[in-house]
Amino acid sequence: MAIALWIVLLVCVVWIALSEMPVGWDGHQPLPYLIALAPLLWIPTLAIAVAGIATHDTALAVVASIACIASLLRKIAYWNNNLTSINTAQMVADKLAEKRGTSRETHVSTAVEAAKHGRFRVMTLNCRFGRANAAAIVSAVKERDIAVLALQELTDDLVAALDEAGLSDLLPYRQLGENKDTDNGGFNGVWIRVEPSDTSPVTVEIPAADVPGVCFPIDSMRGITFVSAHPKSPMRGCRDWSAGIIGLGELATSQKKGDITVILGDLNSGTDHPSFRGLLAAGFKDAALDEAKGRRATFPSWIPWPRLILDHVLFTAGLDASDVRSFTVNGTDHLALAATLTLK
């Protein structure tokens with residue numbers, strides 16, 4: 001019995017250690033999947049620790065306890081700033097919640113004023129091959145006063161349905177990626193309330209669907225760019241999966257001094273993946289980690305536990321995140337993710 005427990009514990013320790021590999025080394029089957037499940041290894045390691053205590057095997061109990069803590073460490077990071085983080089949820093809609101004017105000009109003027117005060121309510125959603133309910137998406141945009149919307153796995157039919165449901169009235173400006181053979185489940189798009197100063201269907205080249213973006217001027221010297229991204233899943237090729245995640249880091253390293261870049265999307269990875277941590281190391285912060293008020297797991301939508309954190313709101317220096325929330329939108333296997341970003 002003791003030998004069996006030590007063997008299982010050794011397997012768990014090696015499994016947990018996979019997430020500590022150098023950036024990019026996780027781009028091989030089946031490592032992305034094994035690493036994604038590493039946060040759940042606290043369950044068997046805790047059970048082994050209890051068994052060690054029950055059998056008076058101190059060494060087994062201690063090693064298993066350490067492994068259990070190691071499995072939970074990155075999960076703990078989603079809460080560890082609670083005591084020091086300022087609750088800015090009340091600021092969510094100070095300006096963005098203002099009523100739309102009776103004309104497009106009045107609406108844009110109000111939105112510009114809100115943006116100048118530095119608060120943006122953003123939302124991202126994987127639309128599951130275009131099957132997400134268009135009316136539910138528009139309803140979420142309206143109810144949560146979303147100023148910037150990023151969607152992945154779009155189809156032409158869904159875009160048309162969104163227009164018919166009234167999305168263009170709420171967010172009149174958009175940039176879509178091109179529909180190409182490299183798309184993974186569909187193309188990406190980003191919608192914005194205020195007229196952008198610049199748009200592009202491709203902000204960075206990665207081996208996946210185009211990464212479209214829109215830029216809004218903060219002032220005469222700097223701007224903030226919002227992009228919708230969706231690197232390939234590991235099942236479509238682990239090398240492309242890793243290269244796509246890491247490649248998004250170019251958005252941070254190539255931006256002009258003072259500019260801000262926001263990545264919204266299903267990144268098919270989380271903090272346990274070395275490739276994702278490489279993206280953070282390039283200069284991005286994760287909204288949920290920045291707020292530190294809990295995990296905002298998004299996949300799969302049909303079970304409450306255990307869900308994985310695959311969808312993210314990332315941003316470069318110059319912003320704070322608050323009121324990060326995940327919620328259900330009918331028709332898709334992902335939860336939507338929303339956050340308030342406030343200029344420092």
Check your understanding: Is at least one residue of the stretch 154-161 more than 19 Å from GLU205 (Cβ to Cβ), assigned to a loop (DSSP other than H, G, I, E, B) and out of contact with any Ser or Thr (no Cβ under 8 Å at 6 or more places or on another chain)?
Key -> yes
Review point. Would the stretch 37-55 turn up any residue that is of a type in the set (Ser, Thr, Tyr), more than 30 Å from ILE246 (Cβ to Cβ) and free of Cβ contacts under 8 Å to residues at least 12 places away in the same chain?
Key: no
Check your understanding: Looking at ALA243, is it surrounded by fewer than 24 Cβ atoms within 10 Å (Cβ to Cβ), of a type outside the set (Asp, Glu) and more than 23 Å from ARG128 (Cα to Cα)?
Key -> no
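One line per residue, one yes/no per condition, for (1) at positive phi; (2) within 17 Å of the chain's Cα centre (by Cα); (3) crowded, with 20+ Cβ neighbours inside 10 Å:
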| site | (1), (2), (3) |
| --- | --- |
| ALA136 | no, no, no |
| GLU153 | yes, yes, yes |
| THR182 | no, no, no |
| ASP198 | no, no, no |
| ALA209 | no, yes, yes |
Check your understanding: Looking at ILE16, is it modelled with pLDDT of 95 or more and either touching a Gly at 6+ places or on another chain (Cβ under 9 Å) or open to solvent by less than 40 Å² (accessible area, probe 1.4 Å) (or both)?
Key -> yes
Revision key, fill the gap. Pairing a residue in the stretch 133-144 that is under 11 Å from ASN330 (Cα atoms) and of a type in the set (Lys, Arg) with any residue that is open to solvent by 10 Å² or more (accessible area, probe 1.4 Å) and in a helix (DSSP H, G or I), where Cβ atoms lie under 7 Å and the two sit 6 or more apart in sequence or on different chains, gives none
Check your understanding: Just for the stretch 19-54: of the residues that are within 19 Å of ILE76 (Cα to Cα) and open to solvent by less than 40 Å² (accessible area, probe 1.4 Å), which one is modelled with the lowest pLDDT?
Key -> PRO39
Exercise for review: Using the structure shown, decide if VAL202 is assigned to a loop (DSSP other than H, G, I, E, B), hydrophobic (A, V, I, L, M, F, W, C) and open to solvent by less than 30 Å² (accessible area, probe 1.4 Å).
Suggested key: no
Exercise for review: Inspect the stretch 119-128 for any residue being more than 16 Å from VAL313 (Cα to Cα) and modelled with pLDDT of 95 or more and give the result as yes or no.
Suggested key: yes
Review point. Out of all the residues in the stretch 254-262, is one or more touching a Leu at 6+ places or on another chain (Cβ under 7 Å), under 23 Å from ARG296 (Cβ atoms) and not polar (S, T, N, Q)?
Key: yes
Review point. Looking at ILE16, is it within 32 Å of the chain's Cα centre (by Cα) and assigned to a helix (DSSP H, G or I)?
Key: yes
Review point. Can GLU143 be described as loosely packed, with under 15 Cβ neighbours inside 10 Å and modelled with pLDDT under 95?
Key: no
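The values are calculated or read from the model by the stated rules, or taken from the named source; none is laboratory data. Not measured: the values here are computed from a predicted model. As a convention, Cβ positions derive from the backbone with ideal geometry for all residues, glycine included, and neighbour counts pool all protein chains shown. Please note that ligands, DNA and RNA were not included when accessible areas were found on the heavy atoms of the full protein model with its side chains. Shrake-Rupley method; radii C 1.70, N 1.55, O 1.52, S 1.80 Å.
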